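Quick notes on the structure that follows.
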Amino acid sequence: MGNLIKVLTRDIDHNAAHFFLDFENAQPSESEKDVYNQVNVVLKDAEGILDDLQSYRGAGLEIREAIQHATDEKLQEKAWGAVVPLVGKLKKFYEFSQRLGGFPLSSFPRDTAGEAALRGLLGALTSTPYSPTQHLEREQALAKQFAEILHFTLRFDELKMTNPAIQNDFSYYRRTLSRMRINNVPAEGENEVNNELANRMSLFYAEATPMLKTLSDATTKFVSENKNLPIENTTDCLSTMASVCRVMLETPEYRSRFTNEETVSFCLRVMVGVIILYDHVHPVGAFAKTSKIDMKGCIKVLKEQPPNSVEGLLNALRYTTKHLNDETTSKQIKAMLQ
């Protein structure tokens, strides 16, 4: 009987996403402030990270010249001088991903505020006795921060995917470093990225969507570390967030309350971000019939936007989800995403 009530109330909660989540103006209440302030320490650096990534041009020309004239020491020095500061930037991006996901790094001092970012939010938004809808309605400032993390994640990965210079620069750096070690040449900048950190960074940048991988790993880790918390608390929080975004986008009354035109694209990106996260964390994913996410409704909302503004988001659903090609995914959903 208890389980039946649980199933029924969860279903009621699933249909209760009809409320306005104020992504533009939500301010923390007293009870939210501790977590909010901790997360803010990390989030205040997010915009700078995106600006740095957007302006990342790479050292392709210097590297090509150095490779073509392997005996010209001046060109080797020039290429190395161009790559070292860029690798410093790549290190900064990687370290930020770890602060966001909440993984302590041995390469820099333990950042207790940073470690609390995603997992602090998940803890606050999934705790009992409130349902996901009640949490998102009551704790709008924390919901907004969670949305900002997702928005940042998708934006970072979009920029990284369209910039092949990142992996080229890092590969050249590692090859040159190995050669310097073999020849016992002191490598300026080696202290910046030691071998252990270089290995971790290499795995990070090898991912098509490295920031999303960090987030889904952190969410999965949060679920496995909190054995007393049913996984549904986390996945229902994600599916409710997707529903809230979809409802706000397709309801003229809610949409008319956005004062900033950027809020629509913010909402779309957050909706796609939670769908992908749900698909990675939930055992059967976002596309199965039993999924708590109205995938057809979400895809329909995306397709109603100007095509050039959402193609990247549709591609994110096509290529970075885990269960789209499962047999349990309906042909209709697959056709909608073709």
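Note on L43 and E311: the extension gain reaches 93.8 nm, defined as 0.36 nm multiplied by sequence separation minus the Cα-Cα distance.
Considering only H280, H18, H151, the Gaussian network model of the chain with Cα springs below 10 Å gives its largest mean-square fluctuation to H18. Of all aspartates and glutamates in the structure, the ones whose alpha carbon falls short of 20 Å from that of K33, not counting any fewer than 8 places away in one chain, are D22, E24, D45, D111, E115, E137, E139, E148. Computed across the stretch 121-240, the Kirkwood hydrodynamic radius from all distinct Cα-Cα pairs reaches 17.2 Å.
Within the listed set L197, L313, L21, the Gaussian network model of the chain (springs between alpha-carbon atoms below 10 Å) gives the highest mean-square fluctuation for L197.
Using only Cα atoms, locate the centre of the stretch 81-98 and the centre of the stretch 222-279, then give the distance between them in Å, rounded to an integer. Answer, in whole Å: 31. A cut-off of 5 Å between modelled amide H atoms, ignoring neighbours fewer than 5 places along the same chain, links H323 with A286. Local charge for T220 was computed over the other residues whose Cβ lies under 13 Å away, with Lys and Arg +1 and Asp and Glu -1, and equals +1. When +1 charges are put on Lys and Arg Cβ atoms and -1 charges on Asp and Glu Cβ atoms, the dipole computed for the chain relative to its Cα centre reaches about 820 debye.
Each listed q (0.09, 0.12, 0.18, 0.22 Å⁻¹) maps to a log10 I(q)/I(0) for the stretch 168-314, found by the Debye formula over equal Cα scatterers with no solvent: -0.46, -0.68, -1.03, -1.31. A cut-off under 11 angstrom between Cβ atoms defines the neighbours of P28, and their net charge, with Lys, Arg +1 and Asp, Glu -1, is -2. For the chain, the relative contact order comes to 21 percent (Cα pairs under 8 Å, sequence separation of at least 6).
Take the Cα of K303, go 7 Å toward its beta carbon, and the backbone nitrogen atoms of the stretch 310-338 under 19 Å from that spot belong to 310-321, 324-326, 329-338.
With angles folded into 0 to 90 degrees, how steeply does helix 73-101 sit against the dominant principal axis of the chain? Use alpha carbons for both and round to 10. Its long axis makes an angle of about 20 degrees.
Across the options T240, L317, P252, the greatest Cα extent toward the positive end of the charge dipole of the stretch 218-338 (unit charges at beta carbon of Lys, Arg, Asp, Glu) belongs to L317. For q = 0.15 Å⁻¹, what log10 I(q)/I(0) does the chain give under the Debye formula with an equal point scatterer on each alpha carbon and no solvent? Reported log10 I(q)/I(0), two decimals: -1.24.
If we count trypsin sites (Lys or Arg not before Pro) as exposed when they sit in a DSSP loop and have at most 16 other beta carbons within 10 Å, what is the longest stretch of the chain that avoids them all? Of all site-free stretches, the longest is 111-226.
A Gaussian network model of the chain, with springs between Cα atoms under 10 Å, assigns the largest mean-square fluctuation among G48, G120, G58 to G48.
The modelled label-to-label distance for the pair N199/K227, using points 7 Å beyond Cα in the direction of Cβ, is 3.0 nm. Counting only lysines at least 8 places from K292 when in the same chain, those with an alpha carbon closer than 26 Å to its own are K6, K144, K213, K221, K227, K300, K303, K322, K331, K334.
Partner lysines whose Cα lies under 26 Å from the Cα of K78, excluding those fewer than 8 positions away in the same chain, are identified as K89, K91, K92, K160.
Once the piece of chain linking Y130 and E262 is laid out straight, how much longer is it, given 0.36 nm per residue of separation minus the C-alpha distance between them? Let's see the in-between values first.
On the way: separation 132, 0.36 × 132 = 47.52 nm, distance 3.09 nm.
Length gained between Y130 and E262: 44.4 nm.
Values quoted throughout were computed directly from the atomic coordinates according to the rules given, and no laboratory measurement underlies them. Every value quoted in this text rests on a predicted model; they were computed, and no experiment measured them. Every residue, glycine as well, gets a Cβ built from its backbone with ideal geometry; the counts of neighbours run over all protein chains shown.
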